[in-house]
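Derivation of every value follows stated rules applied to the coordinates shown; laboratory data play no part. Keep in mind that what you see is a predicted model, and the values were worked out from it rather than measured. Reconstructed Cβ throughout: ideal geometry from the backbone, glycine too, with neighbour counts over all protein chains shown.
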Amino acid sequence: MAERSGVRSVLEAGRLPALEGALDAARAGVSTAGTKLNREFARLEADGVEPELVELAHDPQTAGGLLVSLPRERGFGLEAEFARAGVFLARVGSVVDGAGVQLV
């Protein structure tokens, strides 16, 4: 999404939702074939981020949710609407000038 849009996506590792037990599995060295493929395809800068969070950011089971990008002022309304409907939503990052994807 960032590459094709000509912007930089900054994802906050600590805000990425993780399935129960996923961080423990990543710390134990559990990985998937899909994770390897995603690492090759998605050029993600993650200097200084814990390895288990980088692993989960690439894992198709935990990184495969719907990602939406919209103007900040519209995000608050979307969050409120999801909360009213009882639907999970997590704000995980922002879009800034630049290029690529960074996990911080």
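Using the eigenvalues of the Cα gyration tensor, what equivalent ellipsoid semi-axes result for the range 1-50 when each is taken as the square root of five times the eigenvalue, whole Å, largest first? Walk me through the intermediate numbers first.
Working: eigenvalues 103, 42, 21 Å².
Whole-Å semi-axes of the equivalent ellipsoid: 23, 14, 10.
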> Once phi is turned into θ = phi - 60°, what whole-Hz ³J(HN,Hα) does the Karplus curve with 6.51, -1.76 and 1.60 give for every residue of the range 66-74, x standing for Gly and Pro?
Replying inline: 6, 10, 10, 10, 8, x, 3, 5, 7
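Which order do the peptides 98-104, 53-59, 70-76 come out in when sorted by mean C-beta neighbours inside 10 angstrom, highest first?
Numbers: 98-104: 15.9, 53-59: 21.3, 70-76: 9.7.
Per-residue mean Cβ counts within 10 Å order the peptides as 53-59, 98-104, 70-76.
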>> Expected output is a single nm value to one decimal: the length gained when fully extending between residue 74 and residue 97, i.e. 0.36 nm times separation in residues minus the C-alpha distance. What is it?
In response: 6.4 nm
> With point charges of +1 on the Cβ of Lys and Arg and -1 on the Cβ of Asp and Glu, referenced to the Cα centre of the chain, which listed residue (80, 25, 35) lies farthest in the positive direction of the dipole?
Replying inline: 80
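Antiparallel as a % of all DSSP beta bridges within the chain, to the nearest 5?
Roughly 40 percent of the DSSP beta bridges within the chain come out antiparallel.
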>> Sorting check: for 5-16, 25-36, which peptide has the highest mean count of neighbouring beta carbons within 10 Å, and how do the rest follow?
In response: 5-16, 25-36
>> Please compute the Kirkwood hydrodynamic radius of the range 47-104 from all pairs of different C-alpha atoms, in Å with one decimal.
In response: 13.5
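Dividing the Cα convex hull volume of the chain by residue count, how many Å³ per residue is that? The partial results should precede the final answer.
On the way: hull volume 10.8 nm³, N = 104.
Looking at the chain, the number lands at 104 Å³ per residue.
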> Which cross-chain or sequence-distant (5 or more) residues have an amide H under 5 Å from the amide H of residue 93, H modelled 1.01 Å from N in plane?
Replying inline: 12
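Quick check on the chain: helices-only [θ] at 222 nm, where DSSP H runs of length 4 and up contribute -39,500 (n - 2.57) each and the sum goes over total residues. Nearest 500, please.
Numbers: 5 runs with 41 residues, N = 104.
Helices in the chain give a 222 nm mean residue ellipticity of -10500 deg cm²/dmol.
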> How large is ³J(HN,Hα), in whole Hz, for each residue of the range 28-38 in order, when computed from phi with the Karplus curve 6.51 cos²θ - 1.76 cosθ + 1.60 and θ = phi - 60°, using x for Gly and Pro?
Replying inline: 7, x, 6, 9, 10, 4, x, 4, 4, 5, 5
